[in-house]
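Just below is one structure, and these are the notes that go with it.
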Amino acid sequence: MSDFLTQFTSSNYLRAEEVDDQHCSDDVLAAEADDDAAVPKRTRTRSSNTGQKIAGAAHKVERDDKHHKRKVIRYGIIAGSVGALCLLTAAIFYFANRVEVKDFVGSPVAEARTWGLSHRITIEVTEEFSVEFDQGIVTKQDRAAQTSLQRGSVLRLHVSKGPDPDERIILPDFASMTTAEVRDWRQEVKALNANINEEYSDEVEKGHFIRLEFTSSFVSEENYLRKDGLLIYMSKGAETFEANIVVPNFIEQTKHEVEAWAKEHGVKPVFVEESSESLAAGQVIAQSIEAGTRIAKNDELIITVSLGRFVIVPNFNNLTMEEATSISGLLVETRRRYSATIPFGRVISQSERAGTEILADSVQIVVIYSLGRPYIDNLMGESERTLAEYFYNFSSQGANISYQIVYVDSAEPRGTIVAMSKYAQFLNMSDHVRISVSRGNLTPPSD
């Protein structure tokens, strides 16, 4: 630009000098012409060898009063040209360093930073929470769009940090809302940690609320914040499937085999149990859907499974102990107990009532037979050491018979039972017997 100004100034200056010189030449010629006309021509003589000089013609010089004016005009033109050029240069520099501001509101702050780098504009960012704008989006700017800004200036932007995670959010009545309305609510309040899960339901109509779950046990509807996790379950309605599963013949197969097939094909088996004289326990007796029929996933299939053979519990009063333990399909344990009222050999009790139908070999039946009233033998002459076992048999079989040992002087060997308060007789269910035992300290009488 400086070279251009120098060339432009020099060119204008030269043109002005040429014009001025031309004017001066014209003025001089005009003056000489006037002098020639006023003075008569004189004879010009050359100098002789004697050294005489030749006389020249006389000249008349006139002053040009317009020359100064033209010089002022010339410098004025030069000064005006230089001033205009400076103004033009300043204007070009000014407008070349101005930048038109873009509208960054709603745009990512990264876009504004890139623009600032390319135009030598410093971007100053202030972050603030915003529900309207996502994180990293410009919310407002201090210079209006389409206005100009000098390079090197500062453009101040407000940028969203996203919604405030610690803000308390009041949960609406989801039970009265559809899935679309729940999604709109989530977007409106920016509850980004509230996830909507849709699942099939046979009870809840499609698009309606099922339940909600908080991901933390410390969170409830009363203290829910935006940052808290929330699962909102909405119904997809009842799930329907194509009937493309062929039902096999399960008769005489095991329950385990049916369960494995149902799990593989997504069918819901319903098991019903009943007795069977021919099939073992766990085998299939019948099925609700015939073999070869096509059903859909989640359909129910009712399977009747054998419990095995059933046996009728008899009245054991009509059976001896030997007969009671020999009945096929019954597990019978017999016991004996003393009774003051029930005669010997009769049944005191049985654990299963007579006439009850039970699964064969599945239940242990306990039958207690009566021993009648307790009977005590004559133990005199026996050793004292037999008493504990003898009287334990009474207590272990339901008779509360106690005894007392009294040691007496006797010629019988030491420890021999020499007397009994009761012996060789029936006792009451609760009775007491006094037993005398020899000390063996006397001399036997001589014969």
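The values are calculated or read from the model by the stated rules, or taken from the named source; none is laboratory data. These numbers come from a predicted model, not from an experiment. Here the Cβ is made from the backbone with ideal geometry for all residues, glycine too, and neighbour counts use every protein chain on show. Only protein heavy atoms, including side chains, enter the accessible area calculation; ligands, DNA and RNA are left aside. Shrake-Rupley method; radii C 1.70, N 1.55, O 1.52, S 1.80 Å.
Some observations on this one:
- Boolean, H59 is modelled with pLDDT under 60 and either surrounded by 10 or more Cβ atoms within 10 Å (Cβ to Cβ) or under 54 Å from the mean Cα position of the chain (by Cα) (or both): yes
- The requirement of being surrounded by 16 or more Cβ atoms within 10 Å (Cβ to Cβ) and modelled with pLDDT of 85 or more is fulfilled somewhere in segment 83-100, by at least one residue.
- Residue list for segment 412-427, filter: open to solvent by less than 40 Å² (accessible area, probe 1.4 Å) and part of a loop (DSSP other than H, G, I, E, B): G415, L427
Residue-wise test of (1) free of Cβ contacts under 8 Å to residues at least 12 places away in the same chain; (2) of a type in the set (A, V, I, L, M, F, W, C).
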| residue | (1), (2) |
| --- | --- |
| Y338 | no, no |
| T341 | yes, no |
| R346 | no, no |
| Q350 | no, no |
| T356 | no, no |
| L359 | no, yes |
| Q364 | no, no |
| T386 | yes, no |
| A399 | no, yes |
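- Residue match in segment 169-188 (condition: open to solvent by 60 Å² or more (accessible area, probe 1.4 Å), in contact (Cβ under 8 Å) with a residue 12 or more places away in the chain, touching a Lys or Arg at 6+ places or on another chain (Cβ under 6 Å) and closer than 28 Å to V109 by Cβ): no
- Segment 219-243 - residue that is of a type outside the set (F, W, Y) and surrounded by 17 or more Cβ atoms within 10 Å (Cβ to Cβ) and, of those, nearest to R168 (Cα to Cα): R226
- Residues that are among the basic types (K, R) and within 27 Å of E188 (Cα to Cα), drawn from segment 119-144: K140
- Once segment 390-411 is narrowed to residues that are part of a loop (DSSP other than H, G, I, E, B) and not hydroxyl-bearing (S, T, Y), the residue that is surrounded by the fewest Cβ atoms within 10 Å (Cβ to Cβ) is D409.
- Every pair of residues 6+ apart whose Cβ atoms lie under 9 Å, when the first sits in segment 312-328 and is open to solvent by less than 70 Å² (accessible area, probe 1.4 Å) while the second is among the acidic types (D, E) and in a loop (DSSP other than H, G, I, E, B): V313/E352
- Contact map, segment 266-287: residues that are free of Cβ contacts under 8 Å to residues at least 12 places away in the same chain and closer than 16 Å to P248 by Cα paired with residues that are crowded, with 18+ Cβ neighbours inside 10 Å and of a type in the set (D, E), Cβ distance under 9 Å, separation 6+ or inter-chain. No pairs are found.
Residue by residue, here is whether (1) in contact with a Leu (Cβ under 8 Å, 6 or more places away or on another chain); (2) more than 30 Å from N393 (Cα to Cα); (3) surrounded by 15 or more Cβ atoms within 10 Å (Cβ to Cβ) holds:
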site: A260; (1), (2), (3): no, yes, no
site: E274; (1), (2), (3): yes, yes, no
site: I295; (1), (2), (3): yes, yes, yes
site: V305; (1), (2), (3): no, yes, yes
site: G308; (1), (2), (3): yes, yes, yes
site: L330; (1), (2), (3): no, no, yes
site: T334; (1), (2), (3): no, no, yes
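- Counted residues, segment 142-152 - those being part of a loop (DSSP other than H, G, I, E, B) and surrounded by 14 or more Cβ atoms within 10 Å (Cβ to Cβ): 1
- Screening Y375 with (1) open to solvent by less than 30 Å² (accessible area, probe 1.4 Å); (2) modelled with pLDDT of 95 or more gives one miss only, at (1).
- One residue from T126, T139 being in a strand (DSSP E or B), loosely packed, with under 12 Cβ neighbours inside 10 Å and modelled with pLDDT of 90 or more: T126
- The residues of segment 428-447 that are closer than 17 Å to Y392 by Cα and surrounded by fewer than 12 Cβ atoms within 10 Å (Cβ to Cβ) amount to a single one, S430.
- Screening segment 232-338 for strands (runs of 3 or more DSSP E) wholly inside it with 2 or more residues that are closer than 26 Å to I368 by Cα and not basic (K, R) returns the ranges 310-312, 331-337.
- Subset of segment 339-361 (residues that are part of a loop (DSSP other than H, G, I, E, B), open to solvent by 60 Å² or more (accessible area, probe 1.4 Å) and of a type outside the set (A, V, I, L, M, F, W, C)): T341, P343, R346, S351, R353, D361
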